[in-house]
Amino acid sequence: PCTSNDVVSVLISDGSECIPCIGETVDCTTGPSTIILCDDGDSDTTNDVATILDCDGSICIPCAGTPGPLKLYIPNVFNPNSTSRNDQFQLFSSKELLINYMYIFDRWGNRVFSVEGTTNFSDDAKWNGKFNDQDLPPGLYVLMVEYDDQGKVSKESADILLMH
């Protein structure tokens, strides 16, 4: 089924085949194909499709999706002295981001935490609620962050409540 321009040479005198039926092989670059919906198994992609060769159903382009929008979560409360999972401040996202800078300021505008040129999954990008190895007092702090999501640079700011 995956050949085209099939021909057979037949001897006129008795109708026997001189050359068996042969044709040009059809592949993904020359044959008709169909795009089908599929599931690439990645929850962060949308519009998952594969391309198959119509003649035999072979896969021309494996199932893949378009990266979906970034899902970013900035916590607004954390308690560094707790035994819970919220004992460090960090950014949560659906994929790794390059952090150009992340600064945290106290209410007087003093920078109490900073990190540059790392990823949100790095331990460097986690704040433990301290400044110069001293516990900071409970209260509101301000986050400013600039991150790069595959070439798209974005800035966010938020209030963070530090509890004890």
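The values are calculated or read from the model by the stated rules, or taken from the named source; none is laboratory data. What you are looking at is a predicted structure, and each value in this text was computed from that prediction instead of being measured. A quick note on method: Cβ atoms are made from the backbone with ideal geometry, for glycine too, and the neighbour counts reach across all protein chains shown. Heads up: the accessible areas ignore ligands, DNA and RNA and are worked out on the full protein's heavy atoms, side chains in. Shrake-Rupley method; radii C 1.70, N 1.55, O 1.52, S 1.80 Å.
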- Task: Look through 106, 124, 159, 133 and report the one residue that is of a type outside the set (A, V, I, L, M, F, W, C) and within 25 Å of the chain's Cα centre (by Cα).
- Result: 124
- Cβ-Cβ below 8 Å, separation at least six or inter-chain, first residue in segment 63-74 and more than 10 Å from residue 42 (Cβ to Cβ), second hydrophobic (A, V, I, L, M, F, W, C) and in a loop (DSSP other than H, G, I, E, B): which pairs? 70/97; 72/91; 72/97; 73/91; 74/91
- Among (1) touching a residue at least 12 places away in the same chain (Cβ under 8 Å); (2) open to solvent by 20 Å² or more (accessible area, probe 1.4 Å); (3) not hydrophobic (A, V, I, L, M, F, W, C), residue 120 falls short only on (2)
- What about residue 3, is it open to solvent by less than 100 Å² (accessible area, probe 1.4 Å) and more than 32 Å from the chain's Cα centre (by Cα)? yes
- Task: Note down all Cβ pairs under 6 Å where the first residue falls in segment 9-35 and is free of Cβ contacts under 8 Å to residues at least 24 places away in the same chain, the second is open to solvent by 100 Å² or more (accessible area, probe 1.4 Å) and not aromatic (Phe, Trp, Tyr), and they're at least six residues apart or on different chains.
- Result: 10/17; 23/5; 24/5
- Query: Looking at this structure, is residue 62 modelled with pLDDT of 90 or more, out of contact with any Phe, Trp or Tyr (no Cβ under 7 Å at 6 or more places or on another chain) and either open to solvent by 40 Å² or more (accessible area, probe 1.4 Å) or not polar (S, T, N, Q) (or both)?
  - Reply: yes
- Would you mention how many residues in segment 136-145 are open to solvent by 50 Å² or more (accessible area, probe 1.4 Å) and either among the hydrophobic types (A, V, I, L, M, F, W, C) or within 22 Å of the chain's Cα centre (by Cα) (or both)? 3
- Query: Do you know which residues across segment 94-131 are among the aromatic types (Phe, Trp, Tyr) and under 18 Å from residue 77 (Cα atoms)?
  - Reply: 103, 105, 113, 127, 131
- Message: Testing residue 18 on (1) open to solvent by less than 90 Å² (accessible area, probe 1.4 Å); (2) assigned to a strand (DSSP E or B); (3) modelled with pLDDT of 90 or more; (4) not charged (D, E, K, R), one condition comes back false. Which one is that?
- Response: (3)
- Note on the structure: Checked segment 92-109 for anything out of contact with any Pro (no Cβ under 8 Å at 6 or more places or on another chain), over 15 Å from residue 150 (Cβ atoms) and touching a residue at least 12 places away in the same chain (Cβ under 8 Å); matches are 101, 102, 103, 104, 105, 106, 107
- Do the conditions hold for residue 44, that is, is it open to solvent by less than 70 Å² (accessible area, probe 1.4 Å), over 30 Å from residue 135 (Cβ atoms) and touching a Lys or Arg at 6+ places or on another chain (Cβ under 7 Å)? yes
